[in-house]
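Novice: Have a look at this one before I ask anything.
The values are calculated or read from the model by the stated rules, or taken from the named source; none is laboratory data. Given the structure is predicted, the values throughout are model-derived calculations rather than measurements. All Cβ positions, even for glycine, are placed from backbone atoms using ideal geometry, and neighbour counts span all protein chains on display. Remember, those area values only see protein heavy atoms, side chains included, never the ligands or the DNA or RNA. Shrake-Rupley method; radii C 1.70, N 1.55, O 1.52, S 1.80 Å.
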Amino acid sequence: MCWYCGCREIPLIRAFIAEHEAVSAHAGELLRALDAGDVVRAQQRLELMAAELRSHWDGEERGLFAVMSPDPEYRDYIAALVAEHRELDRLLAAADLADADTRGAVRAALAELVLHIAKEEDGLFPASLTALDADQWNAAIAAWQAVHPGAEP
């Protein structure tokens, strides 16, 4: 994530970044558990990470993505991000880390997740600063809050 564009000053973007950081922490713990041969702990972290991701994706897709995707400039970019969400969700939903092939697939997916997060934080989030008007920001925030009842971005 860049530090120069100012999008970290936007509460909703700051909330998305905090969610990315939480997911990344779970991913790190998952990988450390796999490296230690602790499949049970790794599976627990995977499940926590998957739950965090699903909530995060729901907030992004109902909010920021929904208000930006009607713009042809962002439509395909956002569609690709959503496709990546779905692909990772399918893997996580079926992942049994007792299986060596699945462990390899999860490791690869976590490396891809780092790239995915960069596409959002270095691409879409900064673009939102100039792309959205006040009504669109309000709609995106309301959608995020609907997914995170009682929370403030």
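Novice: How many of the residues in region 103-146 are among the β-branched types (Val, Ile, Thr) and open to solvent by 30 Å² or more (accessible area, probe 1.4 Å)?
Specialist: 3
Novice: While we're on this one: Among the candidates Leu48, Leu113, single out the residue that is part of a helix (DSSP H, G or I), under 19 Å from Ala15 (Cα atoms) and without any contact (Cβ under 8 Å) to a residue 24 or more places away in the chain.
Specialist: Leu48
Novice: Here is a follow-up. Give the number of residues within region 1-37 that are open to solvent by 10 Å² or more (accessible area, probe 1.4 Å), over 16 Å from Arg54 (Cα atoms) and either part of a helix (DSSP H, G or I) or modelled with pLDDT under 95 (or both).
Specialist: The total comes to 17.
Novice: Where residues in region 66-76 are free of Cβ contacts under 8 Å to residues at least 24 places away in the same chain and part of a helix (DSSP H, G or I), which of them is least open to solvent (accessible area, probe 1.4 Å)?
Specialist: Pro72
Novice: Separate question: Out of the residues in region 80-102 that are open to solvent by 60 Å² or more (accessible area, probe 1.4 Å) and within 15 Å of the chain's Cα centre (by Cα), state the one that is farthest from Gly123 (Cα to Cα).
Specialist: Applying the filter and picking the extreme gives Arg90.
Quick grid of which residues meet (1) touching a strand residue (DSSP E or B) at 6+ places or on another chain (Cβ under 7 Å); (2) touching a residue at least 60 places away in the same chain (Cβ under 8 Å); (3) closer than 23 Å to Arg62 by Cβ:
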{"position": "Ala93", "(1), (2), (3)": "no, no, yes"}
{"position": "Asp99", "(1), (2), (3)": "no, no, no"}
{"position": "Ala108", "(1), (2), (3)": "no, no, no"}
{"position": "Leu129", "(1), (2), (3)": "no, yes, yes"}
{"position": "Asp135", "(1), (2), (3)": "no, no, yes"}
{"position": "Pro149", "(1), (2), (3)": "no, no, yes"}
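Novice: If you don't mind, another one. Among residues belonging to region 44-63 that are surrounded by fewer than 17 Cβ atoms within 10 Å (Cβ to Cβ) and more than 13 Å from the chain's Cα centre (by Cα), point out the one that is farthest from Arg90 (Cα to Cα).
Specialist: Residue satisfying both the conditions and the ranking: Gln44.
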